[in-house]
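Take a look at the structure set out below.
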Amino acid sequence: MLFPNKQVVLKNYVTGYPKESDFEVRTTSVSSDIPRGSNAVFVKNLYLGCDPYMRHRMSAHESKDVSLLLSFTPASVIIGLGVSKVVKSENPEFKEGDYVWGLTGWEEYSMILNLDGHFKIKYTDVPLSYYAGILGMPGLAAYIGFYNYSSAKEGDVVYVTSAAGGVGQLVGQFAKMMGCRVVGSASTNEKVDLVKGKFGFDDAFNYKDGHDSAVLKRHFPKGIDVFFDNVGGDMLNQVLLHMNLYGRVVVSGMISQYNLAEPDGIRNLFCLITKRVEMKGFSELDHRAKYPDYLEFAIKNIREQKLVFVEDIAQGLENAASAFVGIFHGRNVGKQIICVAND
């Protein structure tokens, strides 16, 4: 059976900041016929995550990185993490009508041949879009980054950048649950109010008004024990000067660097020695086995209203390019998600 299929295609490799003109929306058709014995599924896509790491895949790389960081092929459909409903299946673990999250196409329907790394959705008493955010990759990244790598303890001062984003908003709440003092930074005053009011951070500031040494000293008079970094660049450079002895820097993302031809240099790395600071990068890909534990932790706290999540949902694939471009200009408030279709 043939289905009409609207798709979002990367026209050419992107240089600098992505533009809407780098993408194209086209309509074609796709067959739902699955080769027998293939273990594949044919799905209807419902929600897609706009994740900053995808910008890296829109550039050509001489050496191929692993897994999610492989370059896209120009004129091909964008691939990202999303939420889908199974229409037809040759896989005994995924039946017709099941919901699943994992890698899928930015299109109305996808044939998924390899289901490694895909998860059947267990709980549907929460919005399905949550599986592109708090109950998906961003949530697991926040959980692993904070609980596995920050070594945070009660009373620590924790600084979270991009604090209104899909990862940052959760890290701050995890830190508050542990009894830390939590400060966040964001790109607008609206987001600052959200971080303090909705997410319960102790303090927050608009980094576009300044993030130099004087600003950081004002917000962190006793220094920083844990820096959870989603931004990188000059923010990381400045923060290193304000880390406390034996502080920890958890590097989750570097959104300030993804659109630069030459990454910013970090001049204050000597602080790692003088302050005995540990700086660690990580990928949630290495911790997918812990997803079931995280899911139970998150769903319990969501149901008890101890954990909240804010989404910014763009409607339709025709608005996908605008939504993706917007995350690099701070236009989204909360985790940026694209609604392809309602169930």
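Numbers for the structure displayed
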| quantity | calculated |
| --- | --- |
| All positions within segment 289-318 that are more than 23 Å from Glu190 (Cα to Cα) and polar (S, T, N, Q) | Asn301 |
| One residue from Ser185, Ser110, Ser129 being under 30 Å from Asn45 (Cβ atoms), at pLDDT 95 or above and in contact with a Ser or Thr (Cβ under 8 Å, 6 or more places away or on another chain) | Ser110 |
| Leu236 being crowded, with 16+ Cβ neighbours inside 10 Å and either in contact with a Pro (Cβ under 8 Å, 6 or more places away or on another chain) or over 17 Å from Gly184 (Cβ atoms) (or both) | no |
| From Gly172, Gly210, Gly179, residue being touching a Phe, Trp or Tyr at 6+ places or on another chain (Cβ under 6 Å), free of Cβ contacts under 8 Å to residues at least 60 places away in the same chain and not assigned by TED's automatic domain parsing to the domain that holds Gly102 | Gly172 |
| Selection count where residues are crowded, with 17+ Cβ neighbours inside 10 Å and under 24 Å from Gly232 (Cα atoms), scope segment 278-320 | 7 |
| Residues that are charged (D, E, K, R) and within 25 Å of the chain's Cα centre (by Cα), drawn from segment 1-51 | Lys6, Lys11, Lys19, Glu20, Asp22, Glu24, Lys44, Asp51 |
| Leading residue by the ranking (surrounded by the most Cβ atoms within 10 Å (Cβ to Cβ)) among those in segment 85-99 that are part of a loop (DSSP other than H, G, I, E, B) and not acidic (Asp, Glu) | Phe94 |
| Pair list, Cβ < 7 Å and 6+ apart or interchain, from segment 214-225 residues that are aromatic (Phe, Trp, Tyr) to residues that are surrounded by 12 or more Cβ atoms within 10 Å (Cβ to Cβ) | Phe220/Val157; Phe220/Tyr159; Phe220/Val183; Phe220/His242 |
| From Tyr109, Tyr159, residue being within 25 Å of Met254 (Cβ to Cβ) and surrounded by 17 or more Cβ atoms within 10 Å (Cβ to Cβ) | Tyr159 |
| Top-ranked residue in segment 68-83 [being assigned to a strand (DSSP E or B) and under 18 Å from the mean Cα position of the chain (by Cα); ranked as surrounded by the most Cβ atoms within 10 Å (Cβ to Cβ)] | Val83 |
| Of residues in segment 250-277 being loosely packed, with under 13 Cβ neighbours inside 10 Å, of a type in the set (D, E, K, R) and farther than 18 Å from Val14 by Cβ, the one modelled with the highest pLDDT | Arg276 |
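The values are calculated or read from the model by the stated rules, or taken from the named source; none is laboratory data. None of these values were measured; they are calculated from a predicted model. Positions of Cβ are backbone-derived with ideal geometry, glycine not excepted, and every protein chain shown enters the neighbour counts.
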